Each structure stands twice: as C-alpha cells, then as structure tokens.
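The values are calculated or read from the model by the stated rules, or taken from the named source; none is laboratory data. Predicted model, so just to flag it, every value in this text is computed and none were measured. Note: ideal-geometry Cβ built from the backbone for every residue, glycine included; neighbour counts use all protein chains shown. To get the accessible areas, we keep the full protein, side chains included, count just its heavy atoms, and leave off ligands, DNA and RNA. Shrake-Rupley method; radii C 1.70, N 1.55, O 1.52, S 1.80 Å.
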Amino acid sequence: MELNNKIKMNKIAFFILLLCVFTNCSKDSYDGTSPNHTYYYPTDEASISATQIGDGKGTLDPKGIAIANNKLYVCNGDVLEVFNANTLVHLKTISNYTKGASTVAFAKLTSVSIDNGRIYIGSAESRLFVIDEVTNAGISMLGNGQWWNTFVHVFGVVAKDGLVFVKEKETSIKVFLASQITDKSEWNLAPFAKLNTLKGFDEVYSMDVADGNLVVAGRNAKGYLYYNIAGIRANATASLKAPIQPVVVAFNEAKPLSVTINADWAVTSENEGNSNFLRLYPKKEFMDKIYKPRVNSFDIMGQNNFGSIVSVAQLNDHLFLSDNTNKKIRVIKLNKSEITEQR
C-alpha cells in the first residue's frame, strides 16, 4: 500500500499530541540523537450513496464488497452494483444470473469475491452464483434456493488459490475446489472440505486468504479464526465428518466484523459495545496473532463516526468501507507522517 504525505518537523510537542489524540497510533525509533515518531492516520476522501446509482431515487444497503481490475463490486439488497473504483462512477447494476435461456433473479446478496476471471456472489437465499468477470454471463449456480439443500443460506464467500470458501448459517464453512465448479457442474455439488467457526448464526461474515491461511473475522467467537490451508487439503476427507476447527486468540470485548489483508496491513473493522472501529494491524504481527493496531479509529478526525462496517476492500492507498449503518461506502485514505524531534 502506498503511503503519502510524509512530514518532517522539528520539536513541536503540541502537534505530536494532536496526532496521538486523533490516531491512537505511533511507532517510535531513536538514532542516538533525535527520536523519530511515525504516525498513520485515516482521512475521509469520498463516499458512495444511493444518489449515485441510476436515477438516484433507489436505495443502498451495502453488505459484501470487493475490488478487482479497478472495479468496485457492492452487494446491494437484491442486486450487485458495479462502480469504477478510481472515479466512483456507477457503471452498471447486475440483477440476474443468466446462463443460456435460464435466468434467476438475484435476491438477498450478502457477499462477493473475484478470482481468476470469476465473480462469486453469495445469497442468503441459499445460493452461490458464479459468473464471468468480463461478460457477466453465468458459469454455474450452487444451491437451488432451498436451505435444506447444499447451503443453509450463504453469508460470506472468498475465492483464492484454487479454493472457494462459503460461510453458511451457524458455524459452517464449506470449501470447494475452484476446479469443481464448471459450466457443467451440478447445483448440488458436494464440498471438498468443511470448517467450523465455533460460534455463529445468520450474520454476514468477512474472510480473506494470506500466507497460506484462511482468516475469518469471527464476530461471534470474538476473535480472528485461522485455518491452515495445507492442513485443510491434507484433512479434507476427514473434515466432512468432523469439520476442522480454527486457531483463535479470543478478545475480551472486541468483535471482528471484517478483514482484508494486503502486503503491509491487515485492515479490519471491529465492534466494541456501541462503538465501531477501523483497526489496521501490521500484517506480520497479525498473522502471528499479535494484535497491536497502528490505526485505531472510531471516527475521522473527531467527526463522522463509523457505523457497522461489514466488509472492507483496498485499492492502492485507499480503503473502501461498507458502512451498513450509514448506508454508504466510505472511501478512506491512509496517510503517514514522520516527525523528528531535534535535540
């Protein structure tokens, strides 16, 4: 992630204190002469609301979001909205799964993931739609809309490294090989493996894959859930009877709501009581289960409190937050300031 706005100053104690208040984050170093303070802080850049879609008279109920090839995909009720991720211009609304002469209307979309030219779309109506990223033509549909078949609803999906992880109701994640899902595969495709999230019910779930692990924002278990992918592959058959449980370090109060992981950071949202936080953890520490956020904000510079952020995505130095409480996509810039005290 590119970080801009580098500042070097002489000793200005008030400014340092101000940044501490706003960001709750710092990293100090000392070269023997002058201590260096590094601060990361978010600023508001833009937002997407219902007025930017179509004639501006509709609604925006954002849930899962994803970015691929400079396009932002937003699950919005019964449709998938597509925006230019750089300009935020609305490009199209996808309302149906269409394959040949067959058309199925989308309904209650919860989650979206893009991988290897495919868009995977989860629906609380117990379906996973798979469409072509370029043409949006239907490839395959898993589930037939009946909760007692294939999926008990779908509340989260992430596809990466040849695997497709589908979070359904309560404590179940079903794992499929991407190669299982073809234009000829059946709707009742059997999973390759199963995982257990320890706790859960019918909430939208956020997941990502990094460093050989599936990481789940385990809101009900009050912790991030780690599943080793090599272990999933090795124990796939046995997991169909006894789903694989995660490694988790539970928090006392925080409930992780969303997570996305890039080369430098784990970008997360967490809920504590009546407050919702944007928290950024250094990636290595996060993957080692060390939770010391460098950004820990429930608002932007004392204004515009975050609502329930159910999904996060990133493009360069901009973060996209699906703020379901405030019915908008917030676009946040991550900034970096370096202050050197002269002695």
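Residues that are hydroxyl-bearing (Ser, Thr, Tyr) and farther than 25 Å from Gly218 by Cα: does region 129-143 have at least one? Working first, answer last.
Pass one, region 129-143, residues hydroxyl-bearing (Ser, Thr, Tyr): 135, 140.
In the following step, the residues that additionally are farther than 25 Å from Gly218 by Cα were identified as 135, 140.
There is at least one residue in region 129-143 that is hydroxyl-bearing (Ser, Thr, Tyr) and farther than 25 Å from Gly218 by Cα.
I need the full set of residues from region 180-190 which are open to solvent by 30 Å² or more (accessible area, probe 1.4 Å) and either modelled with pLDDT under 95 or closer than 17 Å to Val154 by Cα (or both), in order please. Talk me through it step by step, then tell me what you get.
Step one: filter region 180-190 for residues open to solvent by 30 Å² or more (accessible area, probe 1.4 Å), giving 180, 182-184, 186-190.
Within region 180-190, Glu186, Trp187, Asn188, Leu189, Ala190 qualify.
All told, Lys160 meets the bar of being open to solvent by 50 Å² or more (accessible area, probe 1.4 Å) and under 26 Å from Gly231 (Cα atoms). Looking only at residues in region 98-111 that are open to solvent by 10 Å² or more (accessible area, probe 1.4 Å) and in a strand (DSSP E or B), the one that is modelled with the lowest pLDDT is Ser102.
Checked against (1) at pLDDT 95 or above; (2) under 20 Å from Arg127 (Cβ atoms); (3) not acidic (Asp, Glu), Gly200 meets all criteria but (1).
Please pick out the residue among Tyr73, Tyr41 that is at pLDDT 95 or above and either over 23 Å from Tyr205 (Cα atoms) or in a strand (DSSP E or B) (or both).
Numbers: Tyr41 fails: at pLDDT 95 or above.
The unique qualifying residue is Tyr73.
Within region 128-152, work out how many residues are assigned to a strand (DSSP E or B) and without any contact (Cβ under 8 Å) to a residue 24 or more places away in the chain.
The initial filter retains those residues of region 128-152 that are assigned to a strand (DSSP E or B), namely 128-132, 138-142.
Next, from what is left, pick out any that are without any contact (Cβ under 8 Å) to a residue 24 or more places away in the chain: 132.
So the answer is 1.
When restricted to residues that are touching a helix residue (DSSP H, G or I) at 6+ places or on another chain (Cβ under 9 Å), open to solvent by 20 Å² or more (accessible area, probe 1.4 Å) and either within 22 Å of Leu321 (Cβ to Cβ) or of a type in the set (D, E, K, R) (or both), region 194-244 contains 2. Annotation: Lys92 fulfils all but one of (1) part of a loop (DSSP other than H, G, I, E, B); (2) surrounded by fewer than 17 Cβ atoms within 10 Å (Cβ to Cβ); (3) not polar (S, T, N, Q); the unmet one is (1).
Does region 125-140 contain any residue that is open to solvent by 50 Å² or more (accessible area, probe 1.4 Å), within 18 Å of Leu80 (Cβ to Cβ) and either touching a Ser or Thr at 6+ places or on another chain (Cβ under 6 Å) or β-branched (Val, Ile, Thr) (or both)? Yes, there is a match, as at least one residue in region 125-140 is open to solvent by 50 Å² or more (accessible area, probe 1.4 Å), within 18 Å of Leu80 (Cβ to Cβ) and either touching a Ser or Thr at 6+ places or on another chain (Cβ under 6 Å) or β-branched (Val, Ile, Thr) (or both). Search region 163-179 for residues being part of a loop (DSSP other than H, G, I, E, B) and on the phi < 0 side of the Ramachandran plot, and hand back the single one that is least open to solvent (accessible area, probe 1.4 Å). Once the filter is applied, the top-ranked residue is Glu168.
Condition test on Ile67, is it in contact with a Leu (Cβ under 7 Å, 6 or more places away or on another chain), surrounded by fewer than 23 Cβ atoms within 10 Å (Cβ to Cβ) and modelled with pLDDT of 95 or more? It would help to see each step written out before you state the result.
Details: in contact with a Leu (Cβ under 7 Å, 6 or more places away or on another chain): yes; surrounded by fewer than 23 Cβ atoms within 10 Å (Cβ to Cβ): yes; modelled with pLDDT of 95 or more: yes.
Criteria met by Ile67.
Screening Phe277, Phe201 for residues that are among the aromatic types (Phe, Trp, Tyr) and farther than 15 Å from Tyr291 by Cβ leaves exactly one candidate, Phe201.
Within region 180-203, the set of residues being closer than 27 Å to Lys99 by Cα and in contact with a Gly (Cβ under 7 Å, 6 or more places away or on another chain) comprises Trp187 only.
Being without any contact (Cβ under 8 Å) to a residue 40 or more places away in the chain and hydrophobic (A, V, I, L, M, F, W, C) is the filter here; which residues of region 197-241 pass it? Residues satisfying the conditions are Phe201, Ala221, Leu225, Ala230, Ala234, Ala238. Scanning region 275-311 for residues that are of a type in the set (Phe, Trp, Tyr), open to solvent by 40 Å² or more (accessible area, probe 1.4 Å) and within 20 Å of Leu214 (Cβ to Cβ) yields a count of 1.
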